[in-house]
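Encoded as structure tokens, the structure appears first; notes follow it.
The values are calculated or read from the model by the stated rules, or taken from the named source; none is laboratory data. Remember, it's a predicted structure, so these values are computed and weren't measured experimentally. Virtual Cβ from ideal backbone geometry, glycine too; neighbours counted across all protein chains shown.
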């Protein structure tokens with residue numbers, strides 16, 4: 001019984017770790033995601049994804065994405081579902097934390113800047 005519980009815990013940790021991979025280290029990420037600022041509050045990524053390029057399953061904290069170019073891409077989620085998204089250059093969007101894989105399904109390079117938030121500032125109390 002004890003071994004079964006230990007095995008379940010290790011399995012959960014392995015799945016959890018694989019689902020929360022850093023985009024800069026997963027398959028496709030080092031080629032597409034460049035860290036341009038990293039401090040205690042934010043990490044800013046300059047992202048260039050060529051047509052047909054896939055970035056393996058990874059996670060992000062809450063973030064803001066600014067699309068430099070138009071793009072058409074597919075998100076795939078841990079449960080196997082997927083969603084196609086088309087965006088226009090000059091658009092900024094808020095994204096809650098999440099886990100996904102991404103693929104550029106358009107015909108041109110997709111360029112965006114992603115600002116990941118590391119912590120929330122607490123309001124001052126008086």
Exercise. Considering (1) part of a strand (DSSP E or B); (2) touching a helix residue (DSSP H, G or I) at 6+ places or on another chain (Cβ under 8 Å), say which one residue 83 fails and leave the rest.
Key: (2)
Exercise. Say whether the condition of being without any contact (Cβ under 8 Å) to a residue 12 or more places away in the chain and either part of a strand (DSSP E or B) or loosely packed, with under 13 Cβ neighbours inside 10 Å (or both) is met by at least one residue in segment 60-76.
Key: no
Quiz item: Taking into account only those residues within segment 1-39 that are more than 15 Å from the chain's Cα centre (by Cα) and modelled with pLDDT of 95 or more, which is surrounded by the fewest Cβ atoms within 10 Å (Cβ to Cβ)?
Solution: 39
Quiz item: Which of the following residues is crowded, with 16+ Cβ neighbours inside 10 Å and not in a strand (DSSP E or B): 119, 106?
Solution: 106
Self-check item: Neighbours by Cβ (under 7 Å, 6+ apart or cross-chain): first from segment 21-47, touching a residue at least 12 places away in the same chain (Cβ under 8 Å); second loosely packed, with under 15 Cβ neighbours inside 10 Å and in a loop (DSSP other than H, G, I, E, B)
Solution: 40/118; 41/118; 41/119; 42/118; 43/118
Quiz prompt | Every residue from segment 39-59 that is part of a strand (DSSP E or B) and over 14 Å from residue 106 (Cα atoms) | solution = 42, 43, 44, 45, 46, 47, 55, 56, 57, 58, 59
